[in-house]
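Colleague: One structure is given below, represented as structure tokens, and several questions about it will come after.
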Amino acid sequence: MALVVNTNSYISLEEADDYAWARQSMTDWQALPNHAKEQTLVSAADYLNTIPWAGVAADTVTPQKMSFPRIVKIWHPRYGAELSLDGSTVPQEIKDAQVELAVFIFTNGGFGGTAKQGGAITGNPSLVGTPEALKVGSISLEGLKSDGASDKSRSSSVGYMLAGVSLPPVVYKMLEPYLTASAPQALLSGLNMPYWRAW
């Protein structure tokens, strides 16, 4: 299935390309063929739809296919004020986070760090295991898995944990104002604290 806004994506391919072209750290994305961009955008939207968001879906009768638009009042730290979402639009931060997450998925071959070759993701993008390398924008970590070490004996992660996935900090910060009220409590308890570790 192709990318369809409000069916399997929050953002169109054109909007995603505009976002990426404005950022120097997204050269990997710019080189991708359109079908690979659409696949990673849909995968990112699939993940975003698993997150417990504040408020309620705008259409609870039909129901809508995506988690946004939503009806909710949130405290937004960027503005230092309460914002009301009336259910008519998807917040720009959700769209931007989808692109950032899509780039993360492609660059790292999924959430588990499988390899990419020629614009296609290969292997089984899994939520477990240790990648050989990890790259987010211009930052890369190499040699995370040494020869002879099993995936279960070593672990590496960069970012914030949310819904069982380690996210780049920029993605988490974009999503944070829209999370359920229990999410800040989880952050304070250490469940979502930023970390980096490798052993």
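The values are calculated or read from the model by the stated rules, or taken from the named source; none is laboratory data. Model, not experiment: these values are computed from the prediction. Cβ: placed from backbone, ideal geometry, glycine included. Neighbour counts: every protein chain shown.
Colleague: From Ile11, Ile51, which residue is under 14 Å from the mean Cα position of the chain (by Cα) and surrounded by 21 or more Cβ atoms within 10 Å (Cβ to Cβ)?
Modeller: On the way: Ile51 fails: surrounded by 21 or more Cβ atoms within 10 Å (Cβ to Cβ).
Exactly one of Ile11, Ile51 is under 14 Å from the mean Cα position of the chain (by Cα) and surrounded by 21 or more Cβ atoms within 10 Å (Cβ to Cβ), namely Ile11.
Colleague: Residues being under 17 Å from Asn6 (Cα atoms) and in contact (Cβ under 8 Å) with a residue 60 or more places away in the chain: count how many of those fall in the range 76-111. Before the answer, list the steps.
Modeller: Step one: of the range 76-111, the residues under 17 Å from Asn6 (Cα atoms) are 85-99, 102.
Now narrow it down to the ones that are in contact (Cβ under 8 Å) with a residue 60 or more places away in the chain: 90-91, 93-99, 102.
Qualifying residue count, the range 76-111: 10.
Colleague: Select from the range 15-24 the residues that are loosely packed, with under 15 Cβ neighbours inside 10 Å and small (Gly, Ala, Ser) and list them in ascending order.
Modeller: The answer is Ala22, and nothing else.
Colleague: Anything in the range 26-48 that is part of a helix (DSSP H, G or I), surrounded by 15 or more Cβ atoms within 10 Å (Cβ to Cβ) and over 13 Å from the mean Cα position of the chain (by Cα)? List them, or say none. Working first, answer last.
Modeller: The initial filter retains those residues of the range 26-48 that are part of a helix (DSSP H, G or I), namely 26-30, 34-48.
Then drop every residue that is not surrounded by 15 or more Cβ atoms within 10 Å (Cβ to Cβ), which leaves 26, 28-29, 36-45, 47-48.
Within the range 26-48, Met26, Asp28, Trp29, Ala36, Lys37, Glu38, Gln39 qualify.
Colleague: For Ile71, all conditions in the list (1) exposed (fewer than 13 other Cβ atoms within 10 Å of the Cβ); (2) free of Cβ contacts under 8 Å to residues at least 60 places away in the same chain hold save one; what is the number of the exception?
Modeller: Ile71 satisfies every listed condition except (1).
Colleague: Would you point out the residue of the range 83-128, among those that are of a type in the set (Asp, Glu) and either within 16 Å of Met174 (Cα to Cα) or surrounded by 14 or more Cβ atoms within 10 Å (Cβ to Cβ) (or both), that is modelled with the lowest pLDDT?
Modeller: Within the range 83-128, the first condition is being of a type in the set (Asp, Glu), and the residues that meet it are 86, 93, 96, 100.
Narrowing the set further to residues that are either within 16 Å of Met174 (Cα to Cα) or surrounded by 14 or more Cβ atoms within 10 Å (Cβ to Cβ) (or both) leaves 93, 96, 100.
Values: Glu93: 96, Asp96: 97, Glu100: 93.
Residue satisfying both the conditions and the ranking: Glu100.
Colleague: Taking the condition assigned to a loop (DSSP other than H, G, I, E, B), in contact with a helix residue (DSSP H, G or I) (Cβ under 8 Å, 6 or more places away or on another chain) and not charged (D, E, K, R), does Leu3 pass? Step through it out loud before you land on a result.
Modeller: On the way: assigned to a loop (DSSP other than H, G, I, E, B): yes; in contact with a helix residue (DSSP H, G or I) (Cβ under 8 Å, 6 or more places away or on another chain): yes; not charged (D, E, K, R): yes.
Against the criterion (assigned to a loop (DSSP other than H, G, I, E, B), in contact with a helix residue (DSSP H, G or I) (Cβ under 8 Å, 6 or more places away or on another chain) and not charged (D, E, K, R)), Leu3 qualifies.
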